[in-house]
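The values are calculated or read from the model by the stated rules, or taken from the named source; none is laboratory data. Keep in mind it's a predicted model, so treat the numbers as computed, not measured. All Cβ positions, even for glycine, are placed from backbone atoms using ideal geometry, and neighbour counts span all protein chains on display. We work out accessible area using only protein heavy atoms, side chains counted, and drop any ligands, DNA or RNA first. Shrake-Rupley method; radii C 1.70, N 1.55, O 1.52, S 1.80 Å.
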Number of protein chains: 2
Amino acid sequence: VTAPPRLDEFARIARFFAPLAGVGALGLRDDVALIDGPPGTQYVLKTDAIVEGVHYLPDDPPMQVAQKLLRVNLSDLAAKGAAPLGYLLTTALPPSHDEAWLEQFSKGLAADQAAYGIFLLGGDTVMTPGPATLSVAAIGTVAAGRAVLRSGARAGDIVHVSGTIGDAALGVLAAKGQELGIGAAEKAFLVDRFRLPQPRLNLGARLAGLASAMMDISDGLAADFGHLCAASGLGGVIEAARVPLSPAAQAALARDPARLATVLGGGDDYELLFTAPAEAAEKIRALSAGLGLPITAIGRVEPGEGVRLLDAAGRAITVEAAGYRHF
Amino acid sequence: VTAPPRLDEFARIARFFAPLAGVGALGLRDDVALIDGPPGTQYVLKTDAIVEGVHYLPDDPPMQVAQKLLRVNLSDLAAKGAAPLGYLLTTALPPSHDEAWLEQFSKGLAADQAAYGIFLLGGDTVMTPGPATLSVAAIGTVAAGRAVLRSGARAGDIVHVSGTIGDAALGVLAAKGQELGIGAAEKAFLVDRFRLPQPRLNLGARLAGLASAMMDISDGLAADFGHLCAASGLGGVIEAARVPLSPAAQAALARDPARLATVLGGGDDYELLFTAPAEAAEKIRALSAGLGLPITAIGRVEPGEGVRLLDAAGRAITVEAAGYRHF
């Protein structure tokens with residue numbers, strides 16, 4: 001007799017937590033909750049945790065750990081078109097995380113508070129014998145009814161992404177010492193993309209009213225596109241050759257084309273993935289130009305269900321999904 | 001050369017986190033934050049984490065772990081006079097926490113959602129190689145300007161507590177197998193008081209407008225009375241002989257009077273500690289009678305600073321503070 005296979009995080013959430021969700025929780029399918037705020041507004045609530053050795057590397061600089069912790073949450077607010085307001089912080093720290101670590105960690109928080117105009121609202125600090133476990137509950141505001149959900153895509157909509165894809169997943173490999181056969185500057189760029197996500201708050205806010213569905217890419221482009229289409233009750237296709245790559249990622253792919261699976265399947269991009277009707281193309285181009293941030297059309301939403309990734313010859317590509325997810 | 005002593009949690013919060021606090025965070029001294037809600041209301045935000053082996057015992061029933069996790073947060077909402085609305089849940093679970101554990105854990109959440117009229121709003125679920133780390137961010141509502149803060153006590157106010165004190169601290173000893181020299185029923189009562197706090201939501205809501213300052217007792221009566229008086233810029237005194245004890249705690253104290261230090265210094269009571277002017281005595285008596293919940297006057301707020309615990313002969317009692325706290 002063998003033990004039954006462990007349910008993955010998707011199945012665990014669907015089975016044990018989704019039945020507990022209330023109004024505002026969006027069925028736990030949108031990574032955020034919405035509650036009424038002052039007249040004309042809603043609050044967007046989001047929580048995300050990171051564990052030492054799982055989501056960040058033990059020797060990552062504490063300042064950057066703090067910034068990553070905040071930014072992965074701000075990225076979810078961006079993906080709803082919300083403006084960030086503040087956050088609650090919970091730290092479970094082992095004795096190895098001493099005052100020197102905390103000093104650098106709090107400096108990282110302070111730097112990003114200034115950068116994003118947010119403040120610490122409260123929190124909890126506890127001791128643990130295990131790895132450091134850090135969680136943030138972030139709060140943002142959005143005009144009432146204007147939050148962009150995952151579930152709003154329509155058949156025929158064009159699929160867009162901001163920035164470049166796959167840098168962080170390649171950066172993890174580089175940070176772990178894997179030889180990618182690229183230059184030092186390119187390697188540093190990729191590692192920085194892993195350690196310091198750039199939440200696309202300006203873009204997200206301007207896409208409210210323009211995008212039909214939106215989310216940030218944290219589990220990997222392939223998996224997250226699947227989440228968005230499933231939430232919308234539709235299917236879709238992405239043309240891999242159109243997925244925007246940084247020069248560093250292009251160099252890594254040139255050395256080993258099999259790394260495409262890492263680019264499309266790896267997580268931690270924290271770029272925005274959104275859908276919009278074809279008529280919005282001109283407005284999206286203007287937005288991209290105004291913000292100095294690339295926005296690239298990479299596919300389309302289709303009737304039916306399931307998503308496909310196609311290579312330049314139109315053949316299906318299979319990528320492995322990341323082993324964890326958020327709800 | 002020896003390492004500098006590790007700062008305790010108070011000092012860590014004051015040094016590293018308090019400078020990051022914004023409007024609504026109440027200087028991180030009130031265990032909650034306040035943000036504006038729909039007209040006439042404010043939201044009360046609170047987060048509290050528990051770690052396996054630190055805040056609960058590995059063999060505690062998962063249903064009760066879930067209930068304790070929710071209730072320690074609801075208790076903080078109660079202490080502000082707020083009504084609970086919902087919560088975000090973050091779970092970092094090791095492989096040992098299998099589906100059977102999760103099934104019982106989610107049953108505990110469901111039971112308390114029904115009991116307290118709250119819903120899951122969202123969350124995050126991650127894997128950890130370390131002990132289970134569970135955190136909740138709870139959200140409640142209170143009429144605007146009516147939240148009862150820690151900082152509102154005035155010299156001459158009477159200090160009150162709800163229920164009985166010290167049961168949970170004695171219950172921890174009993175759960176760990178320490179021989180208290182009491183009967184099985186008394187022991188079961190004390191362990192239950194440790195495992196299943198009773199957030200005093202009805203009492204808290206009715207004390208808004210009546211209590212001058214309020215908090216729940218989580219770090220122990222002695223330490224938390226110190227927090228309340230410090231937040232109010234005052235001092236105070238508690239007469240130990242007036243502190244209300246359950247029959248089980250009385251039995252344990254009769255066997256070993258030195259356990260008074262555990263009763264006054266141990267944590268996890270989750271009763272309400274509040275101050276009110278002497279003129280409120282009649283209303284408080286009526287409240288207590290109406291709710292069927294003992295409320296006992298145990299001391300008074302005084303000018304100056306620092307708090308004293310006095311025995312029946314008027315001699316100062318020293319108790320050791322709990323080794324952790326929340327902010």
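Observations
- Of all the options A:S218, A:S232, A:S288, the one that moves most in a Gaussian network model of chain A with Cα springs shorter than 10 angstrom is A:S288.
- Neighbour count of at most 15 Cβ within 10 Å plus DSSP loop: longest GluC sites (Glu not before Pro)-free window in chain B: B:1-178
- Counting Cβ atoms of other protein chains within 10 Å of each Cβ in A:43-50 and taking the mean gives 6.
- In Å, descending, principal axis extents of the Cα set of the range B:108-203: 49, 49, 27
- Summed over the residues of chain B and divided among them, the accessible surface reaches 37 Å² per residue at a probe radius of 1.4 Å.
- Here the Kirkwood formula puts the hydrodynamic radius of the range A:190-259 at 14.5 Å, using every distinct Cα pair.
- Computed over chain A, relative contact order equals 23 percent, with contacts defined as Cα pairs under 8 Å that lie 6+ residues apart.
- Using a 7 Å Cα-to-Cβ projection, B:A114 label spacings across copies, nm, ascending: 5.3
- Axis between B and A by rotation; chain B residue with nearest Cβ and distance in whole Å recorded as B:G130, 1.
- Packing rank of A:201-208, B:112-119, where each peptide gets the mean count of other beta carbons within 10 Å, highest leading: A:201-208, B:112-119
- Distant alpha-carbon pairs in the range A:90-151 (separation over 19 angstrom), percent: 47
- Summed over all non-identical Cα pairs, the Kirkwood treatment of the range B:205-299 gives a radius of 14.4 Å.
- When every Cα-Cα distance of chain A is counted in 10 angstrom steps from zero, the calculated P(r) takes the values 6, 26, 35, 25, 8, 1, 0 percent.
- Within chain B, helix-based [θ] at 222 nm, where runs of 4 or more DSSP H residues each add -39,500 (n - 2.57), nearest 500: -9500 deg cm²/dmol
- Cα centroid separation - the range B:113-185 against the range A:106-167, whole Å: 28
- Nonpolar atom fraction for the range A:22-151, defined as the carbon and sulfur part of the 1.4 Å probe accessible area, stands at 60 percent.
- Candidate lysines for bridging to B:K187, where Cα separation is under 24 Å - those fewer than 8 sequence places away on the same chain excluded: B:K68, B:K176
- Cβ neighbours within 10 Å from other chains - mean over A:132-145: 4
- Take each residue in A:112-120, count the other chain C-beta atoms within 10 Å of its C-beta, and the mean is 3.
- Whole-percent P(r), the protein assembly as shown, all Cα pairs, 20 Å bins from 0: 19, 50, 25, 7, 0.
- Label-to-label distances for A:A185 across copies, nearest first, come out at 8.1 nm, using points 7 Å from Cα in the beta-carbon direction.
- 7 Å along Cα→Cβ, label-point gaps from B:A241 to other copies, nm, shortest first: 9.1
- Intensity falloff of the range B:36-124 expressed as log10 I(q)/I(0), Debye formula with alpha-carbon point scatterers, at q = 0.12, 0.16, 0.23 Å⁻¹: -0.39, -0.67, -1.27
- Percent antiparallel among DSSP beta bridges (both partners in the range A:26-155, rounded to 5): 75
- Accessible area buried by the pairing of A and B, both sides summed with a 1.4 Å probe, works out to roughly 5500 Å².
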